[in-house]
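Enquirer: Just passing along the structure, written as structure tokens.
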Amino acid sequence: MVKTDRFGNQEWTRNIGGSSNESAASIVIDTDGNYVVAGYVENGSGNRDVYLAKIDANGVVWQSTFGGAENEEGADLVLTDDGGYAVAGYSTDASGDQNALLAKFDGSGTLVWTKDYGALGADWATSLLQKSDGGYVLAASTNSYSAPGLDNTNFMIVETNAIGDEIDRLTYGTTESNLNPHIDIDNSTGNYVVAGTNVNSGAGTSQIFYFTCSFSNIHSIGSQATLINSTFDNCTDLIVDTENTFLLTGNRDLAPAGSAERQFSTLYVRIGNGDTIEETVGSNDASNQTGHSIVETTDGRVAIVGSNDEVSLSGMMTLIKLSKTGQLSQ
């Protein structure tokens, strides 16, 4: 974990975890101004458990794990209205079935309850919101349930009540596989915005796909579009900013046509105000660069956290600050 100033200068770092392999996937700032991260930790048997930790300026305040005999991972984290935390991800049972997971923790990191969503196929959640009524909405990928006329992996939106009981479910997608959706709320329209990646394995291509659905009825679909300005794009995060435009990050393959090697650069996309901006950020070399998370900064700009796997290095964390129109910014 790295803390920087507004210009990206490192102020401090914290190593979290022990002797096992750990990975952090999501972070929030709690009501005390401290940081809470969620991800996974490998247990003694080599399987993965959901990992949750609270960190202040002095180090780890507490840490908590949840898991059974198989694999569980946390992918997204929200601060709940009761001062606790909710984590979305996946869990796997002894038969190998994988379900989307929602786990609720109190403010001290104690597990309160868990719920699974899915059937006999593979289902995994990648994004989570808490609703104003205390319930939750998860964005997930599923091949347990197919959208009408489709038999590939689809996006799945699950709405729950405050204790995680499923109250509605939408499966939606295209004729390709639809993977790893992220969800936010457009308060100007009362819609959810969902964005992820369409993968056409036969053609060897992938594009970013997004759609909107009503907050009051998730089966009421609004606008939708596929961004097809590149052969290979991936979406890894989405937010709706204070101007009610959609901001996305991920990566884009910049390798020459016919190249056997991928050459990814961090991708920034802004959709709104009657226009779509798509910018790649990074060096055009043999490194693979990806944006993993995007936020709107307090000065009205955008920050993207990602990774850069250069040939000469095992990998680096990256922090990129941009104007809303995609130019590098201080």
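The values are calculated or read from the model by the stated rules, or taken from the named source; none is laboratory data. Note that the coordinates shown come from a computational prediction; the quantities given were computed from them, not determined experimentally. All Cβ positions, glycine included, derive from the backbone under ideal geometry; neighbour counts span all protein chains shown.
Enquirer: Within the range 291-326, track down each residue that is touching an Asp or Glu at 6+ places or on another chain (Cβ under 6 Å) and modelled with pLDDT under 90.
Expert: Across the range 291-326, the qualifying residue is only 315.
Enquirer: Pick out the one residue from 46, 68 that is exposed (fewer than 14 other Cβ atoms within 10 Å of the Cβ) and at pLDDT below 90.
Expert: Being exposed (fewer than 14 other Cβ atoms within 10 Å of the Cβ) and at pLDDT below 90 holds for just one of 46, 68, which is 46.
Enquirer: Considering only the range 159-166, I want to know if a residue exists there that is under 21 Å from residue 236 (Cα atoms) and either without any contact (Cβ under 8 Å) to a residue 60 or more places away in the chain or not aliphatic (A, V, I, L, M) (or both).
Expert: Looking for residues that are under 21 Å from residue 236 (Cα atoms) and either without any contact (Cβ under 8 Å) to a residue 60 or more places away in the chain or not aliphatic (A, V, I, L, M) (or both), one finds none in the range 159-166, hence no.
Enquirer: Which one of the conditions (1) touching a residue at least 40 places away in the same chain (Cβ under 8 Å); (2) surrounded by 18 or more Cβ atoms within 10 Å (Cβ to Cβ) does residue 252 fail to meet, given that it meets all the rest?
Expert: Just one mismatch for residue 252, condition (1).
Enquirer: Restricting to the range 53-65, and then to whatever is closer than 16 Å to residue 103 by Cα and either of a type in the set (Gly, Ala, Ser) or outside the structural domain of residue 16 (by TED's automatic domain parsing) (or both), can you tell me which residue is surrounded by the fewest Cβ atoms within 10 Å (Cβ to Cβ)?
Expert: The qualifying residue surrounded by the fewest Cβ atoms within 10 Å (Cβ to Cβ) is 64.
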